[in-house]
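Only one structure is covered here, and it is reproduced in the block below.
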Amino acid sequence: MPYSEPNSSALTPTAIFGGMFNPPHFGHLHPLQDALSLLSLDKLALMPCHIPPHKVTPKVSTEHRLAMLALLCAEDRRFCIEDIEIRSNKTSYTVETLKQLRKRTQSPLWLFMGTDSFNSLRSWHQWQSLIQLCNIFVLKRGREALLHFPEISEYMDCSAKRHLNEAQLLSLHTQTGKVVALETKLLNVSSTQIRNEIRTRNESEAKISEALLPESVLNYIHKHHLYES
């Protein structure tokens, strides 16, 4: 069963958002900025996946992905990089990562994910164990629909939040086993879209890309000729 830690309310949560970040873009950053405000957080770690269980390993090197992610974090100093999966030579299973983080810290673990990730949760390795290890925050954008599957419905707050009161925040700091949807900015962008635009870009498409990811990241991509073939 999810546990309660009555004395942990003073601990700052270890907040993480995982992904390939291939490349990182404003579709990652802006919803997370909304989440930081909603939850009164001042730090969140971006955790790049090393060997993905559900996707093809990126052609772009880990070093390039880390460098681009560092540039994204420079846009907002509340963000940092968690490299625990990068340092592992194993398939990146979130449940195993959370177990390793639990050994490292006694602070509450808060796992952030997008709607698409949450809706595919039942395909994750040992996904039922996630709720025992952390609170899950789903970044819901616009009219995106969340699946409500029976195995997790008892832990889930069905209404997407635009505001949390002090009591709600306290419970999230002192208990695990909660799933909370957060209303965040709608930005229709994906890493796949950006890679495709760069590969087939002309002058006008390059300008579109600049609206979707930081100029520093785009300059890095051009400098190292990433995603051009």
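Pick from region 120-160 the residues that are assigned to a helix (DSSP H, G or I) and among the charged types (D, E, K, R): which of them is modelled with the highest pLDDT?
ARG122
Every residue, every condition in (1) touching a residue at least 12 places away in the same chain (Cβ under 8 Å); (2) over 21 Å from LEU41 (Cβ atoms); (3) open to solvent by 30 Å² or more (accessible area, probe 1.4 Å); (4) polar (S, T, N, Q), yes or no:
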{"position": "LYS90", "(1), (2), (3), (4)": "yes, yes, yes, no"}
{"position": "GLU96", "(1), (2), (3), (4)": "yes, yes, yes, no"}
{"position": "GLN100", "(1), (2), (3), (4)": "yes, yes, yes, yes"}
{"position": "LYS103", "(1), (2), (3), (4)": "no, yes, yes, no"}
{"position": "PHE112", "(1), (2), (3), (4)": "yes, no, no, no"}
{"position": "THR115", "(1), (2), (3), (4)": "yes, no, no, yes"}
{"position": "PHE118", "(1), (2), (3), (4)": "yes, no, no, no"}
### Query
Right, ARG143: within 17 Å of LEU44 (Cβ to Cβ) and without any contact (Cβ under 8 Å) to a residue 24 or more places away in the chain or not?
no
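For every residue, the table says whether it meets (1) open to solvent by 30 Å² or more (accessible area, probe 1.4 Å); (2) in contact (Cβ under 8 Å) with a residue 24 or more places away in the chain; (3) on the phi < 0 side of the Ramachandran plot.
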{"site": "GLY18", "(1), (2), (3)": "yes, yes, yes"}
{"site": "PRO31", "(1), (2), (3)": "no, yes, yes"}
{"site": "SER40", "(1), (2), (3)": "yes, yes, no"}
{"site": "LEU46", "(1), (2), (3)": "no, yes, yes"}
{"site": "CYS49", "(1), (2), (3)": "no, yes, yes"}
{"site": "GLU63", "(1), (2), (3)": "yes, no, yes"}
### Entirely in region 1-108, the strands (runs of 3 or more DSSP E) that have 2 or more residues that are among the hydroxyl-bearing types (Ser, Thr, Tyr)
none
### Residues located in region 72-109, provided they are closer than 22 Å to LEU186 by Cα and either at pLDDT below 95 or touching a Pro at 6+ places or on another chain (Cβ under 7 Å) (or both)
LEU72, GLU75
### Enumerated helices (runs of 4 or more DSSP H) restricted to region 173-229, each holding at least 3 residues that are open to solvent by less than 60 Å² (accessible area, probe 1.4 Å) and modelled with pLDDT of 85 or more
191-199, 215-223
### Query
Can we say HIS163 is open to solvent by 20 Å² or more (accessible area, probe 1.4 Å) and at pLDDT 90 or above?
no
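The values are calculated or read from the model by the stated rules, or taken from the named source; none is laboratory data. Small disclaimer: the values here were computed from a predicted structure and weren't measured. Methodologically, a virtual Cβ is constructed for each residue, glycine included, from the backbone with ideal geometry; neighbour enumeration extends over all protein chains shown. These accessible areas exclude ligands, DNA and RNA; they are computed on the full protein's heavy atoms, side chains included. Shrake-Rupley method; radii C 1.70, N 1.55, O 1.52, S 1.80 Å.
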